[in-house]
Amino acid sequence: MKLDVTPQVRLLLLAGAALALVATFLLIGANGNWSFVLPFRGAKLAAMVLVAYAIAVSSVLFQSITHNRILTPAIMGFDTLYLLIQAVIIFTLGSNLPGGAPLADLGGANVRFAVEVVLMTGFACLLFRALFTGAAHSLHLMLLAGIVFGLLFRSLSSFVMRLIDPNEFMVLQDRMFASFNSIQTGLLWVATVAVALASLLAWRLRQRYDVLALGRDIAVNLGIDYRRTVMLTLALIAVMVSVSTALVGPVTFFGLLVSNLAYVTAGSDKHKHLLPMAVLWGVVFLVGGQLLLERVLELNATVSVVIEFAGGLLFLFLITRRKQP
């Protein structure tokens with residue numbers, strides 16, 4: 001007899017696993033040094049949860065409006081634009097100020113974070129506004145333009161990297177991968193507020209996303225203002241991805257991994273089940289992966305590299321598999 005597990009039960013089981021990993025990450029090996037361990041690990045944990053939430057939600061919403069489970073917001077060139085910004089900053093200003101102070105002190109870390117978010121979000125919104133007008137298939141044109149801009153930014157980044165001093169390039173190389181080891185609490189609060197505001201706006205549209213996932217024609221026939229809803233959703237996605245990327249760095253295939261796991265394990269096509277399932281999978285992978293690397297394997301490696309490798313394998317599987325007749 002086949003056991004029918006409801007989506008609510010699936011969410012509770014995964015939430016229990018995520019909470020267990022969170023508690024283990026905070027408490028393992030503390031040895032009573034709570035005044036040091038909890039603030040340090042708490043900031044890292046908060047960053048991982050925030051990134052898991054932002055990337056998971058933005059990926060599921062992006063796939064809903066594009067009607068494609070392989071595409072993620074990374075295809076719009078956010079990651080490559082972030083790398084270009086970092087390369088230009090280090091090439092023009094160096095990694096340190098003339099007095100020897102870190103470059104992050106230039107105007108404060110909050111100012112630099114805000115500049116990166118504004119540049120990436122502004123680029124996305126301008127692209128959306130320029131291309132998502134007029135033609136019925138302009139969404140596909142926008143995706144193609146995103147790929148082209150991504151290649152352009154990557155080429156420019158490579159060119160600038162060749163001009164950078166080798167010692168400065170080591171600093172840039174650290175920023176090419178997402179890192180949770182040095183999170184500034186001030187930036188964490190700013191990022192949380194930005195993601196929370198975007199989430200509140202997305203929550204108001206929650207009932208429309210199930211209809212949008214059915215396709216453009218069906219959504220229009222059911223009375224959905226398709227263009228306005230998609231434009232607003234794209235803007236919210238741009239904010240979430242930009243904030244996450246500026247906070248910890250680029251994570252290209254992470255959204256693809258957690259969103260497709262959510263589709264498989266949620267047991268429902270409704271976004272009220274898909275979104276929390278994707279977020280929980282993101283927490284499990286980030287917290288569990290960091291716990292595995294730090295405490296079990298005792299490696300000083302970045303968990304994002306391992307997750308990106310797994311996500312890349314999943315991407316290759318999804319684009320090469322053949323549908324069964």
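List of remarks:
- Cα-centre dipole for segment 195-272 with unit charges at Cβ (Lys and Arg positive, Asp and Glu negative), debye to 20: 180 debye
- Taking packing as the residue-averaged number of other Cβ atoms within 10 angstrom, the listed peptides 60-70, 233-243 run from highest to lowest as 233-243, 60-70.
- Note, ³J(HN,Hα) from phi for segment 190-200, Karplus 6.51, -1.76, 1.60, rounded to Hz, x at Gly and Pro: 4, 5, 4, 5, 5, 5, 5, 5, 5, 5, 4
- Surrounding net charge for Val251, when Lys and Arg each add one and Asp and Glu each subtract one, Cβ distance under 9 Å: -2
- Remark: the Val115-Leu316 segment gains 68.9 nm on full extension, using 0.36 nm per residue and subtracting the alpha carbon distance.
- FRET efficiency for the pair Asp269 and Val88, taken as 1/(1 + (r/R0)^6) with r the Cβ-Cβ distance and R0 = 45 Å, rounds to 0.60.
- Linear extension gain, Trp189 paired with Val220, 0.36 nm per residue minus alpha-carbon span: 7.3 nm
- You can think of it this way: the chain between Leu19 and Arg162 has 47.0 nm of extra reach, that is 0.36 nm per residue less the Cα-Cα gap.
- Rounded to the nearest Hz, the phi-derived 3J(HN,Hα) couplings of segment 149-165 under the Karplus curve 6.51 cos²θ - 1.76 cosθ + 1.60 (θ = phi - 60°) are 5, x, 5, 5, 4, 5, 5, 5, 4, 4, 5, 5, 4, 5, 8, 7, 4, where x marks glycine and proline.
Where a number appears in this text, it was derived from the coordinates with a stated rule and is not lab data. These numbers were taken from a predicted model, which means no experiment stands behind them. Every residue, glycine as well, gets a Cβ built from its backbone with ideal geometry; the counts of neighbours run over all protein chains shown.
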